[in-house]
Each structure stands twice: as structure tokens, then as C-alpha cells.
Amino acid sequence: MKKESIALGHISAFVAYLIFGLNIIVNKDLSNSGISPLALFTFRSVGAGSLFWIISMFRPSEKVERGDFPKILVAAILGFFICQLTFLYAIPRITPMDCSIVTSLSPIYTMFIAAIAIKEPITWKKSLGVVISLAGFIFLILNSVSNSSGVTSTQPIGIILMIFNSLSFSLYLGIFKPVITKYSVVTFMKWIFLFTTLMSLPLTAKEIVTFDYLSLNSTYVWELAFVVICATFITYFLIPVAQKNIRPTLVSMYSYVQPIIAIVISIYLGMDTLTWQKVLAAVTVFGGVLLVNYSRTRR
């Protein structure tokens, strides 16, 4: 694979998880708007799906083989329906630290799932890289004392939901690379969001029609626009690009970048200070990512 393609994969994963990190903060505030998690999911699905279908009208027509539709349906269930619903319901029930620790196992899930599903080898470099990044991530979390979410304790249901969240997205990353590689990102994602809309709309149609949209202040409107356009449309455009160009385990490992990005932004805004613990954690996380990047891949 060309170096340019690999670089594109890394950049896509990095930007996607950067937006995912910001999305956690936005969703915590948006949860106070009166929009239920299920209705918010439908807004995301309809909004992002509409954008993908509009873009597809200006592109050459691409036909999806009939046998691939069931695979895309399962990908929609795992990569968006289950993943996003569990996330939206878990966020008000779990502290940021506990959420980060639970989701830190995602790259390990992905590594083993990819080994089974697409025969991606588990080499000593890949295993060591995952362990090193995991150690740096946990070290960073344990040395963080900030908690501005308003959630003072974690409910067991919050942990369970985040485990399902990590597992479903790991299955999506680890299993569906062949079908994602087969089609353009726009074609693949327009069908993903059509399926998720058809699954969620019957459950939320009444709330969406009867909701008092005039009660939303300008902040909630901008946050809703961010969630639909940035945290759904852009991220779910970038993740398949990353999946096409780098290995599933590498894509998943960029989840470790989220807290580092949050710290960098906090330091830039004067809300946090740079310490040796944070520098060591960042070096460790990215060192593990580099080690996995240079591990042996299946030809």
C-alpha cells in the first residue's frame, strides 16, 4: 500500500476520533435539551443520511450487489444503531473516567475480532503496541482528577451499556473491512444510514412530530447541528476511509487519542497545565500506535 494512502488512513482516524472526543462534551449538554436519546439518534441518522444521499446524486452511479445488502444491514446495526444508542443512554449514567477505562479495551476486542474475521495476524509487535498504548492511556486517566460532567457516580447500567458500545463498534471495525473496501464511502454510508433510519423512525416518529422545537435555545441548535454534521456525517465518512487504508486495530487505537486531544485543548485555553505525566502518557500512546503500524499485516 502506498505511503500516501496509509497517511490518509491515519489522518482520517485521528480527525474522526478528535470529533468523537468533542462529541462527548456536546452530548452531555444536549441531553438537557429535552430531546430523548432515541430521538437524537434519529436526527443524526436522518440528517447524515440525507447528506450522503444528496452527495451520491452528483457522483457516478454505483450498484450494490444484492448479496451485500445483508452485510451492510448488519454493519448498520453494529456500527451505528447499537453503538450510538448505547452511547447516548450511557453518557448520563457514567463518569468520564469510568467511561474512558471501559472503552480502553476496544482495540483489544478489535484485534482479536479482526484475527478471526479477516485473518489479520496477531504479531508480537501488534500485541506489544496495544499493551503499551493501553498502559499509557490508563496512566493518563489515573492521573486526571478533573470531572466537569456533573456525573458524580457511575451506575452499573452505564458500564454495561459502554461495554456493548465498545463491542459493537469493534465488531464493525473488525468484520466489515472487505465490504467497505468494495464500495465508495458515499455508497456504503448512504445505505448504512437508510437502514438505521428505517429502524429508528417507527420508534421516534411521534416525538419528532410533536416536539416543541421553539423551546430549543440557540446553543442547543448549534450543538444539534454539530452532532449531525460533524459527529455523524463527517466522522462516519472518515472512519471508512481509515478502514480502507489502515488495519482495524490501528483505527480502533485512535480512541486513545481522545483524552490527549482534550488535554491539549484545555492547555491551549488555559484550563489545564502541562505535566510530565501527560507528556509521558502521550508519548506512550503514540509509541504503541507506531509499533502496531509497523507490525506484519496479512498479504
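The values are calculated or read from the model by the stated rules, or taken from the named source; none is laboratory data. This one's a predicted model, so the numbers in the text were calculated from it and none came from an experiment. As a convention, Cβ positions derive from the backbone with ideal geometry for all residues, glycine included, and neighbour counts pool all protein chains shown.
Would a scan of the stretch 116-137 turn up a residue that is of a type in the set (Val, Ile, Thr), modelled with pLDDT under 70, out of contact with any Lys or Arg (no Cβ under 7 Å at 6 or more places or on another chain) and in a loop (DSSP other than H, G, I, E, B)?
At the first step, the residues of the stretch 116-137 found to be of a type in the set (Val, Ile, Thr) are 116, 118, 122-123, 130-132.
With the extra rule that they be modelled with pLDDT under 70, the set shrinks to 118.
Subset that is out of contact with any Lys or Arg (no Cβ under 7 Å at 6 or more places or on another chain): none.
The answer is no; no qualifying residue exists.
Within the stretch 13-35, residues that are closer than 17 Å to THR86 by Cα sit with their Cβ atoms under 6 Å from residues that are surrounded by fewer than 19 Cβ atoms within 10 Å (Cβ to Cβ), at 6+ positions apart or across chains, in these pairs: GLY21/ILE261; VAL26/PHE226; LYS28/SER149; SER31/PRO92. Note on the stretch 80-93: residues that are of a type outside the set (Lys, Arg) and farther than 14 Å from PHE20 by Cα amount to 7. Yes or no: LYS206 without any contact (Cβ under 8 Å) to a residue 60 or more places away in the chain, out of contact with any His (no Cβ under 9 Å at 6 or more places or on another chain) and farther than 21 Å from ASN23 by Cα? Here the answer is yes, as LYS206 does meet what is asked.
Of the helices (runs of 4 or more DSSP H) lying entirely inside the stretch 19-109, those containing at least 2 residues that are of a type outside the set (S, T, N, Q) and modelled with pLDDT under 80 are 96-103. Checked against (1) exposed (fewer than 15 other Cβ atoms within 10 Å of the Cβ); (2) in contact with a Cys (Cβ under 8 Å, 6 or more places away or on another chain); (3) of a type outside the set (Asp, Glu), MET162 passes all but condition (1).
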